[in-house]
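Report on the structure given below.
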Amino acid sequence: MPMEPESGTLNYRNPSQFFLTLSRNLLLAYQSFGVVYGDLGTSPLYVYKSIFIGNLMDYQTPEVIFGAFSLIFWTLTLIPLLKYVFIILSADDNGEGGTIALYSLLCRHAKFSLLPNQQAADEELTSYKYGPSQPPSSSPLKRFLEKHKKLRTSLLVIVLLGASMVIGDGVITPAISVMSAVSGLQIEGVGLQLTNGSVLLLACVLLIGLFALQHTGTQRVAIVFAPIVIIWLLSIFGIGLYNIIHWNPKIIYALSPHYIITFFRHTGKDGWLALGGVLLSITGTEAMFADLGHFTAFSMRLAFTIVVYPCLVIQYMGQAAYLSKNVTSIPDSFYKSVPEPLFWPMFVIATLASVVGSQAIISATFSIVKQCNALGCFPRVKIVHTSKHMFGQIYIPEINWILMVLTLLVAVGFQDTTLVGHAYGIACMTVMFITTFLMALVITFVWQKNIIFSTTFLIFFWFIEGIYLSSALTKVPQGGWVSLLIALVFIIIMYIWHYGTRKKYNNDLHNKVSLKWLLGLGPTLGIVRVPGIGLIYSELATGVPSIFSHFVTNLPAFHNVLVFVCVKHVPVPFVLPEERFLIGRICPRPYRMYRCIVRYGYKDIQRDDGNFENQLIQSIAEFIQMEAVEPQLSTSENTSFDGRMAVISTRSNATLMVSDQLDSSSIQSSKSLMLQRLRSEFDDENPQIRRRQVRFQLPPAGPVMDAAVKDELLQLIQAKEAGVAYIMGHSYVKARRSSSYLKKLVIDIGYSFLRKNCRGPAVALHIPHISLIEVGMIYYV
């Protein structure tokens with residue numbers, strides 16, 4: 001089960017509960033070092049070099065160094081500490097964080113969502129509610145945004161831009177972290193001076209090893225990596241403290257913002273241009289919010305305020321103290337500031353910590369791709385759940401290897417951490433800039449605070465971040481273009497997929513089968529009804545898809561029991577298993593036609609446990625029994641037969657008895673011996689997707705059951721024993737001839753290419769290939 005946000009709250013009135021919660025949060029705080037804080041913690045490796053190499057080459061004086069430290073200190077204090085730790089972490093979505101979580105909150109409290117298939121029943125989900133019950137906001141700003149679809153589309157594009165920049169982070173962070181760590185082998189006097197080519201080769205080997213480890217999962221990585229980051233932070237704290245005392249204790253005066261004024265007085269415009277290097281001190285901050293779902297807000301606040309923040313401040317202060325007396329050491333400021341006897345231990349720890357530092361953003365990239373996929377904004381990819389115990393820890397092979405290739409290209413192409421740092425700064429600050437905007441909307445529409453609070457928050461942090469972002473954007477020609485190019489490519493992919501998916505859904509909605517026509521065919525549908533269950537997959541939550549009429553008009557037979565299945569995502573992080581299934585009828589009882597809507601949150605994983613068929617049968621049986629005792633669910637001739645749905649808990653097995661069927665061949669089936677042999681061979685060749693064979697029976701003793709209900713349940717059991725077939729549309733989407741050239745380019749080339757090269761819907765839904773029937777459909781949009 002996912003972690004609820006209340007789990008991090010300390011209960012002071014109950015001592016035993018207090019210590020239990022505290023110990024749990026201490027454990028989570030310990031684990032967070034290995035996942036979240038490695039990237040932020042390794043920034044001292046390259047910050048001072050990035051500040052002074054370039055525009056400030058002629059300003060390398062003690063006064064300017066003091067000013068640079070003052071800038072770093074106040075940047076760390078205002079953005080990671082004040083904005084993220086004390087404000088942003090409070091805006092979790094049922095324990096989940098990131099730009100998609102903020103967007104999800106907004107969609108639930110205002111009509112901003114562009115997701116299809118949304119229903120009023122979705123608002124009854126447990127995880128749909130946020131905080132205490134309060135009346136929805138009815139501000140003029142909210143009504144204005146809801147009224148204009150272009151504004152809602154623009155909001156989605158902004159969210160996708162933030163997601164694309166996070167993916168760009170996943171490319172750039174490993175490159176700059178590992179390259180900065182191994183650059184220590186080129187320092188004079190260490191006894192082992194390697195050439196640029198050798199250092200680059202070593203960095204590439206480490207990067208390949210890092211991405212090769214991803215399939216083991218975040219939890220195992222965190223357990224191994226947490227001690228490394230803790231040792232690293234304590235080491236840089238000790239070295240920083242030593243440098244302060246040994247080189248220049250007066251550096252403590254630089255905590256005053258007066259030195260920031262002095263810095264700009266000396267450097268002028270060049271000081272503003274150098275801010276792109278200062279912002280590297282806070283890169284990795286966005287991982288705190290993006291990876292919130294793995295921990296609790298309290299545990300992350302604990303780790304940052306007690307350990308991470310003090311260690312970083314002392315380290316930056318110590319480096320500045322050393323540099324104020326050794327100005328020529330700026331190009332290798334970190335390693336030169338390490339006492340000589342500690343160089344090799346620190347080099348080893350720095351290298352390991354840099355590898356760990358990349359883990360935070362790689363994990364966040366996997367999460368953001370999964371969330372975008374749930375929003376219908378990313379092509380289908382293989383998602384592997386790497387932990388049976390920790391919710392939300394995933395691995396995406398395709399994204400992992402794409403990140404690895406792009407990271408190696410960045411490392412080999414630039415071979416310079418300063419140039420990579422320019423791209424890094426743009427990506428990180430853009431994500432922060434977008435997060436500030438979304439957070440201001442959350443303060444207004446979700447927290448329902450006075451618009452003065454959200455405006456103050458927006459202006460204050462946008463002013464600070466805008467200065468840094470404007471400085472970073474001046475570095476676009478010097479390497480900054482990489483992050484923009486990566487983000488542009490991914491946002492184009494996302495928007496093309498979203499646009500094509502929406503057009504296909506609207507076409508389905510427009511061409512759905514008339515219920516009146518269906519009722520006119522009678523219970524037999526004008527064809528032969530053969531034993532078995534047909535699961536007809538569609539994106540429609542209401543109505544009958546056009547593929548069904550295609551079947552009825554072209555095939556002479558169909559299954560006795562038909563279930564129209566819609567698998568959809570709702571704007572919540574997770575859906576409880578007992579709330580996942582919505583069951584209803586499409587036609588009167590003699591038709592034996594049902595609708596099943598399977599709901600998932602944007603963090604849910606569709607696991608292939610081989611038990612979906614059995615859960616579906618149990619849910620339909622429960623609905624049939626419930627319908628007999630609840631009049632509001634029963635159909636009448638004066639009401640519509642489509643639209644009434646009931647939430648069915650899959651944990652309830654009261655209606656049907658279930659017994660394991662060890663020998664699948666003993667099930668009485670109408671299938672031919674040839675088909676049974678083919679299924680047996682398929683199961684033997686694919687043991688990893690073997691379905692659980694069970695037999696359903698009516699309970700021998702229990703309350704008196706209505707004859708019609710009993711007959712319907714017996715037919716359902718017999719149909720299940722006869723076999724289950726999965727029917728899906730194999731669609732080809734094309735632009736109409738009258739469409740513009742841009743639309744033809746997007747649909748006929750872009751969307752078609754993505755559909756052909758992503759995972760098929762049958763694979764993504766874990767449908768057994770041996771039972772799949774595909775119907776060819778052409779959509780002209």
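The values are calculated or read from the model by the stated rules, or taken from the named source; none is laboratory data. Keep in mind it's a predicted model, so treat the numbers as computed, not measured. Heads up, the Cβs are rebuilt from the backbone with ideal geometry, glycines too, and the neighbour counts pull from every protein chain shown. The accessibility values were calculated without ligands, DNA or RNA, using every heavy atom of the protein model including side chains. Shrake-Rupley method; radii C 1.70, N 1.55, O 1.52, S 1.80 Å.
Candidates in segment 29-53 are the residues that are over 33 Å from the mean Cα position of the chain (by Cα) and open to solvent by 10 Å² or more (accessible area, probe 1.4 Å); of these, the one that is modelled with the lowest pLDDT is 53.
The residues of segment 413-450 that are of a type in the set (A, V, I, L, M, F, W, C) and within 17 Å of residue 169 (Cα to Cα), listed by number, are 414, 419, 420, 423, 426, 427, 428, 429, 431, 432, 433, 434. Among the numbered conditions (1) modelled with pLDDT of 75 or more; (2) more than 23 Å from the chain's Cα centre (by Cα); (3) among the polar types (S, T, N, Q), the only one that residue 193 does not meet is (1). Total residues in segment 304-323 satisfying the condition of being crowded, with 21+ Cβ neighbours inside 10 Å and within 16 Å of residue 252 (Cα to Cα): the figure is 11. Checking each residue in segment 26-50 for being under 13 Å from residue 315 (Cβ atoms) and either without any contact (Cβ under 8 Å) to a residue 24 or more places away in the chain or aliphatic (A, V, I, L, M) (or both) picks out 40, 45, 47. Residues satisfying the criterion are present in segment 436-447 (criterion: within 23 Å of residue 281 (Cβ to Cβ) and open to solvent by 30 Å² or more (accessible area, probe 1.4 Å)).
Counting only residues that are open to solvent by less than 30 Å² (accessible area, probe 1.4 Å) and within 21 Å of the chain's Cα centre (by Cα), segment 480-490 holds 4 of them. Kindly list, by first and then second residue, each pair from a residue in segment 726-745 that is touching a residue at least 40 places away in the same chain (Cβ under 8 Å) to a residue that is open to solvent by 70 Å² or more (accessible area, probe 1.4 Å) and of a type in the set (A, V, I, L, M), limited to pairs with Cβ atoms under 7 Å and residues at least 6 apart or on different chains. Hits for this filter: 732/778; 734/778. Answer yes or no: is there a residue in segment 233-249 that is open to solvent by 60 Å² or more (accessible area, probe 1.4 Å) and closer than 30 Å to residue 367 by Cα. Yes: segment 233-249 contains one or more residues that are open to solvent by 60 Å² or more (accessible area, probe 1.4 Å) and closer than 30 Å to residue 367 by Cα.
Take segment 482-540 and flag every residue that is polar (S, T, N, Q) and more than 25 Å from residue 726 (Cα to Cα).
First, the residues of segment 482-540 that are polar (S, T, N, Q): 483, 501, 506-507, 511, 514, 524, 538.
Across segment 482-540, the qualifying residue is only 483.
Scanning segment 95-111 for residues that are surrounded by fewer than 24 Cβ atoms within 10 Å (Cβ to Cβ) and not in a helix (DSSP H, G or I) yields 110, 111. Please work out if residue 283 is exposed (fewer than 15 other Cβ atoms within 10 Å of the Cβ), modelled with pLDDT under 90 and under 30 Å from residue 165 (Cα atoms). For residue 283, the condition - exposed (fewer than 15 other Cβ atoms within 10 Å of the Cβ), modelled with pLDDT under 90 and under 30 Å from residue 165 (Cα atoms) - is not met. Scanning segment 551-569 for residues that are β-branched (Val, Ile, Thr), farther than 21 Å from residue 588 by Cβ and without any contact (Cβ under 8 Å) to a residue 60 or more places away in the chain turns up at least one hit. Contact annotation: residue pairs with Cβ atoms under 8 Å, 6 or more positions apart or on different chains, pairing a residue in segment 251-275 that is more than 19 Å from residue 317 (Cα to Cα) with a partner that is open to solvent by 40 Å² or more (accessible area, probe 1.4 Å) and aliphatic (A, V, I, L, M), are 272/467. Considering every residue within segment 608-623, establish whether at least one is under 21 Å from residue 716 (Cβ atoms), among the small types (Gly, Ala, Ser), in contact with a strand residue (DSSP E or B) (Cβ under 8 Å, 6 or more places away or on another chain) and part of a helix (DSSP H, G or I). Yes, because at least one residue in segment 608-623 is under 21 Å from residue 716 (Cβ atoms), among the small types (Gly, Ala, Ser), in contact with a strand residue (DSSP E or B) (Cβ under 8 Å, 6 or more places away or on another chain) and part of a helix (DSSP H, G or I). Within segment 738-765, being of a type outside the set (D, E, K, R), part of a loop (DSSP other than H, G, I, E, B) and surrounded by 14 or more Cβ atoms within 10 Å (Cβ to Cβ) holds for 739, 758, 760, 765.
Summed over segment 531-559, the residues that are open to solvent by 50 Å² or more (accessible area, probe 1.4 Å) and either basic (Lys, Arg) or in a strand (DSSP E or B) (or both) give a count of 1. The single condition among (1) in contact with a Cys (Cβ under 8 Å, 6 or more places away or on another chain); (2) closer than 20 Å to residue 467 by Cβ that residue 270 does not satisfy is (1). In segment 372-396, the residues that are more than 19 Å from residue 156 (Cβ to Cβ) form Cβ pairs under 6 Å with partners that are assigned to a helix (DSSP H, G or I) and modelled with pLDDT under 75, at six or more places apart or across chains, as follows: 387/219; 390/219; 393/218; 393/219. In segment 12-28 there is at least one residue matching the filter, namely being open to solvent by less than 40 Å² (accessible area, probe 1.4 Å), under 30 Å from residue 213 (Cβ atoms) and at pLDDT 80 or above. Residue under question is residue 430, and the condition is that it be in contact with a Pro (Cβ under 8 Å, 6 or more places away or on another chain), part of a helix (DSSP H, G or I) and either in contact (Cβ under 8 Å) with a residue 60 or more places away in the chain or of a type in the set (Phe, Trp, Tyr) (or both); does it hold? So residue 430 fails the test. Restricting attention to segment 54-94 and to residues that are in a loop (DSSP other than H, G, I, E, B) and surrounded by 19 or more Cβ atoms within 10 Å (Cβ to Cβ), the residue that is modelled with the lowest pLDDT turns out to be 55. Restricted to segment 746-756, and to residues there that are closer than 19 Å to residue 729 by Cβ and in contact (Cβ under 8 Å) with a residue 40 or more places away in the chain, the residue that is farthest from the chain's Cα centre (by Cα) is 747.
Can you find a residue that is assigned to a loop (DSSP other than H, G, I, E, B) and touching a residue at least 12 places away in the same chain (Cβ under 8 Å) anywhere in segment 352-371? No, because not a single residue in segment 352-371 is assigned to a loop (DSSP other than H, G, I, E, B) and touching a residue at least 12 places away in the same chain (Cβ under 8 Å).
Restricting attention to segment 573-603, the residues being closer than 30 Å to residue 91 by Cβ, in a loop (DSSP other than H, G, I, E, B) and open to solvent by less than 10 Å² (accessible area, probe 1.4 Å) number 4.
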